[in-house]
Amino acid sequence: MSTPYVPPVADYEFLYREAFGRDIVADASGGALSADDAVEIIAGAGEFGASVLAPLDRAGDQVGARLEDGQVRLPEGFTDAYRALAEAGWVSATAPESAGGDGLPASVGAGLGEIWNASNAAFALCWMLGAGAIHALDAAASDDLRETYLTKLVSGEWTGTMNLTEPEAGTDLGAIRTMATPRDDGTYAISGQKIFITWGDHDVADNIVHLVLARTPGAPEGAKGLSLFVAPRTLVNDDGSLGERNSIETVAIEHKLGIHGSPTCVLSYEDATGYLVGELHGGLAGMFVMMNSARVGMGHQATGISDRALQGAADYAAGRLQGPVIDRPAGTSIAEHPDVRRILRSMSSQVFAMRALSVYVGDLFDRADSGEDVLRMAELFVPILKGWASEEALRVTSDGIQVYGGMGFIEETGAAQHYRDARIVPIYEGTTAIQANDLVGRKVLRDQGATVAALFAQIDETVAALREGRAVGEGRAVGDDTAVRIADRLSRALDASRRATDALLGFAGSPRDAYAVSVPYLMLLGTLAGGWMHALTAVAVAVHAAPSETDAARLTEADFYSAHHLVRVHALAETVAAGEIA
Ligand SMILES: Cc1cc2nc3c(=O)[nH]c(=O)nc-3n(C[C@H](O)[C@H](O)[C@H](O)COP(=O)(O)OP(=O)(O)OC[C@H]3O[C@@H](n4cnc5c(N)ncnc54)[C@H](O)[C@@H]3O)c2cc1C
């Protein structure tokens, strides 16, 4: 039996109100909302996730999506749950106001994203993909398309998909062959096969809005010749009612390692009707809007699945007795074995780092209008959050199995499901290598390290604040030494990160060297950023006049992260400096 899901409301309260030294929700909303409001929203979502979505997670895994007579069906309960989610306004909550949504700050969206994914990651993909489609249509669609499709996506009545991948075009979108031929009436006839389309067919909503990347006759070769189209599963009449089925056939659904509750479809387009979104040959730009939103969403997915694995493991360890525990009375559970404690702390400190970084990246996007430098920092963090959090989710979910021992390997406990579900996160929405190439090529080498240097300067300030806190910390009962230890480790990791960055910049003339170590460099920056999040937390709790038990626990987590995770930066820096070893 899986452990019931408990949403991490207190962490979000801390992150929204204190961790970054200000009420980030009030700042993002111009005072229209406060951290208190955001906590209420998170608590409401947590209740919905725990009571409606989480109970369907096992059925999604064990029964899964099925293709029956050309129609994909989800296990019992999914349709009602989706309708309830849309009717409660959870789909429109994070949609931009310009698209008719509530426009909640991205930092609050990070919390919601984590909760949906922790509750039921396979199901959450349904409206996460829709969120990407909403952003892409909001950025580029004509008034007609907005009226017909965007409104229904925002209300959640219909769902959205992202159709990029083809058998011969995975990472390399320039190889896409699906053809969109213009018709006299201004629509396009789309033909081709798309594979791996998440929630490409289902029975939980009345229509599906496919966003399709295709080539038009005579278009330039490669990615520059791609255009973006809307192709609904069911065509829409002029009065907005549903008409005939479009000629898009679900040929198969994939049998996968995990996320069985998410139908991954092979779709065949045979002269299907499509509508151009934005400029002809401007498809990639539109798709990037969608991909960026989805990549940040993957950070939330990694966090959610990891937290679910942690909660299960902690619960199991608290109840399992096995042998005498060093320096503890008889009858103490395995949770107190020093090594089990180490694993659980490793998991929890990593989950907090991911959670805090997701909120921080949301906050950067919320402030992106305030200056080019903030936008650049937000964009720097997109591949870091996606790549690092998804890779770490593999470690966390694997550790979760270890805590259960043999029972972790047995499906009944649910620990194995988290591990299997997490395995896709470093692959889709661009593999970790693709995130790392984006990071190194577009975001570090292109501005010769300027944005990353600005990040390091901010971390320097946190180191100084931790150290000064010790000197001036009147009334501090916890953490003086701990805070300084954390500051010292962070400062040393920062030195190593600067050396690694210098080495990387030195590879500018020999790109194979830079790209051979781009993933280690991404992991270095992600690990450093995780340590920074913990250090900011240590600064925030240090100002409390009367530190609480929770403050002490947060400081312990920060101390642990800096000793067990942050230190990996030194090894990664050595690897980066080595370049390609051919
Ligand atoms: C469950 C699931 C759901 C999916 N959902 C969707 C969806 O909704 N919509 C959609 O369009 N697609 C979807 N995908 C496709 C997914 O995005 C691709 O599988 C992914 O981008 C990788 O492409 P590929 O499988 O062709 O692998 P390949 O591109 O063949 O890559 C194979 C290996 O080569 C490496 N590689 C390739 N190119 C480079 C490079 N330039 N530099 C360094 N390394 C490189 C990769 O990192 C990887 O290790 C989904 C896939 C799965 C499995």
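Throughout, read-outs are computed from the coordinates displayed, never taken from laboratory work. Not measured: the values here are computed from a predicted model. Here the Cβ positions follow ideal geometry from the backbone for every residue, glycine too, while neighbour counts run over all protein chains shown.
Assorted remarks:
- The calculated P(r) of the chain, using every Cα pair and 10 Å bins from 0, goes 4, 17, 27, 27, 17, 6, 2, 0, 0 in percent.
- Sum of side-chain charges, Asn237 neighbourhood, beta-carbon under 15 Å (Lys, Arg +1; Asp, Glu -1): -4
- Tail fraction, Cα-Cα pairs, region 1-89, threshold 16 Å, whole percent: 65
- Summarising the amide proton neighbourhood of Val277: residues at separation of 5 or more, or on other chains, whose placed amide H is nearer than 5 Å comprise Leu228, Phe229, Val230.
- Given charges at beta-carbon only (K, R positive; D, E negative), |dipole| of region 367-411 in Debye: 60
- Taken along its principal axes, the alpha carbon cloud of region 218-374 reaches lengths of 75, 45, 36 Å, longest axis first.
- Farthest toward positive dipole pole in the chain [+1 Lys/Arg, -1 Asp/Glu at C-beta], among Met162, Ala546, Tyr82: Ala546
- Working note: Karplus 6.51/-1.76/1.60 with θ = phi - 60° gives region 114-123 the couplings 4, 5, 4, 6, 5, 5, 6, 4, 5, 6 Hz, where Gly and Pro are set to x.
- Segment Ser247-Ala223, length gained on full extension (0.36 nm per residue, minus Cα span): 6.1 nm
- Mean Cβ count within 10 Å, highest first, over the residues of peptides 83-96, 128-141: 128-141, 83-96
- Cross-link pairs beyond the 23 Å C-alpha cut-off, checked among Lys386/Lys443; Lys224/Lys256; Lys224/Lys443: Lys224/Lys256
- Cα centroid separation, region 524-577 to region 358-428 (Å): 17
- Computed from label points 7 Å out along Cα-Cβ, the spacing between Ser51 and Phe288 is 4.4 nm.
- If the segment from Met179 to Ala433 were pulled out straight at 0.36 nm per residue, it would be longer than the present Cα-Cα gap by 88.6 nm.
- Distance from region 84-110 to region 190-247 (C-alpha centre basis), Å: 24
- Positive end of the dipole of the chain (Cβ unit charges, origin at the Cα centre): among Ile424, Gly200, Tyr269, the Cα lying farthest that way belongs to Ile424.
- Applying the Karplus relation 6.51 cos²θ - 1.76 cosθ + 1.60 with θ = phi - 60° to region 267-273 yields 3J(HN,Hα) values of 10, 10, 9, 10, 6, 6, 7 Hz, where x marks Gly and Pro.
- Zone of Ala32's modelled label, taken as backbone nitrogen in region 345-367 under 17 Å from a point 7 Å along Cα→Cβ: 363, 365-367
- Between helix 338-366 and the chain there is an angle of about 50 degrees, using the helix long axis and the longest principal axis of the Cα atoms.
- Backbone HN-Hα couplings from phi across region 532-540 [Karplus 6.51/-1.76/1.60, Hz, Gly and Pro as x]: 5, 4, 5, 5, 4, 4, 4, 5, 5
- The charge dipole of the chain, taken about its Cα centre with unit charges on the Cβ atoms of Lys, Arg (+1), Asp and Glu (-1) only, comes to about 1740 debye.
- Summing Cβ point charges (Lys, Arg +1; Asp, Glu -1) relative to the Cα centre of region 160-279 gives a dipole of roughly 360 debye.
- Estimated 222 nm signal from helices in the chain, with DSSP H stretches of n ≥ 4 weighted -39500 (n - 2.57), rounded to 500: -17500 deg cm²/dmol
- A dipole drawn for the chain from +1 and -1 charges on Cβ atoms has a positive end, and of Ala573, Leu525, Ser398 the residue lying farthest that way is Ala573.
- Modelled spin labels at Ala546 and Ala318, positioned 7 Å past Cα toward Cβ, are 2.6 nm from each other.
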